[in-house]
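Here is the structure we will look at.
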């Protein structure tokens, strides 16, 4: 089992991870995890733990993990939004077919405001993208 373990373990935290070096090469053949750093995905910061110096291998492994983690989180963001679209469709079906007058009264204003806010942001962002696209075509002509 010990041969299958990675050299590093990343304990995920809200904005990154605590990084541990995994050691199984000791007399007791026990798994030991020595914290070597804390990383912040949002700002890219890598802080060595205590007065530890990180090796080039440590930094390369940490940076590779940070890149992979950022990609995973970006994929999850899109997946969450696609689930929200599904949920909006289910909400529409519920409002049309099963909702009572009291239930509709309770949720209508809040849902309409949230949808209006989302629509405003999406329309503005779409217009910005269209303008950038038009500007890009004009400069390349």
> Quick one: in the stretch 14-32, which of the residues that are touching a residue at least 24 places away in the same chain (Cβ under 8 Å) and loosely packed, with under 15 Cβ neighbours inside 10 Å is farthest from residue 59 (Cα to Cα)?
Replying inline: 29
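For (1) under 30 Å from residue 42 (Cα atoms); (2) modelled with pLDDT under 95; (3) touching a helix residue (DSSP H, G or I) at 6+ places or on another chain (Cβ under 8 Å), each residue gets a yes or a no:
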position: 72; (1), (2), (3): yes, no, no
position: 79; (1), (2), (3): yes, no, no
position: 83; (1), (2), (3): yes, no, no
position: 93; (1), (2), (3): no, no, no
position: 105; (1), (2), (3): no, no, no
position: 109; (1), (2), (3): no, no, no
position: 135; (1), (2), (3): no, yes, no
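With the requirement that a residue be surrounded by 16 or more Cβ atoms within 10 Å (Cβ to Cβ) and either out of contact with any strand residue (DSSP E or B) (no Cβ under 7 Å at 6 or more places or on another chain) or under 10 Å from residue 19 (Cβ atoms) (or both), what does the stretch 37-64 give you? Full working, then the answer.
From the stretch 37-64, those surrounded by 16 or more Cβ atoms within 10 Å (Cβ to Cβ) are 37-39, 41, 46, 54, 58, 61-62; that's our starting set.
Matches in the stretch 37-64: 37, 38, 39, 46, 54, 58, 61, 62.
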> So which residues in the stretch 7-56 are part of a loop (DSSP other than H, G, I, E, B) and under 20 Å from residue 74 (Cα atoms)?
Replying inline: 14, 15, 41, 42, 43, 44, 45
> Pick from 103, 67, 75: which is over 21 Å from the mean Cα position of the chain (by Cα), surrounded by 10 or more Cβ atoms within 10 Å (Cβ to Cβ) and assigned to a helix (DSSP H, G or I)?
Replying inline: 103
> So which of 32, 56 is modelled with pLDDT of 95 or more and on the phi < 0 side of the Ramachandran plot?
Replying inline: 56
> surrounded by 10 or more Cβ atoms within 10 Å (Cβ to Cβ), more than 25 Å from the chain's Cα centre (by Cα) and outside any strand (DSSP E or B): does that describe residue 93?
Replying inline: yes
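The values are calculated or read from the model by the stated rules, or taken from the named source; none is laboratory data. Everything numeric here is computed off the predicted structure, so don't read it as measured data. As a convention, Cβ positions derive from the backbone with ideal geometry for all residues, glycine included, and neighbour counts pool all protein chains shown.
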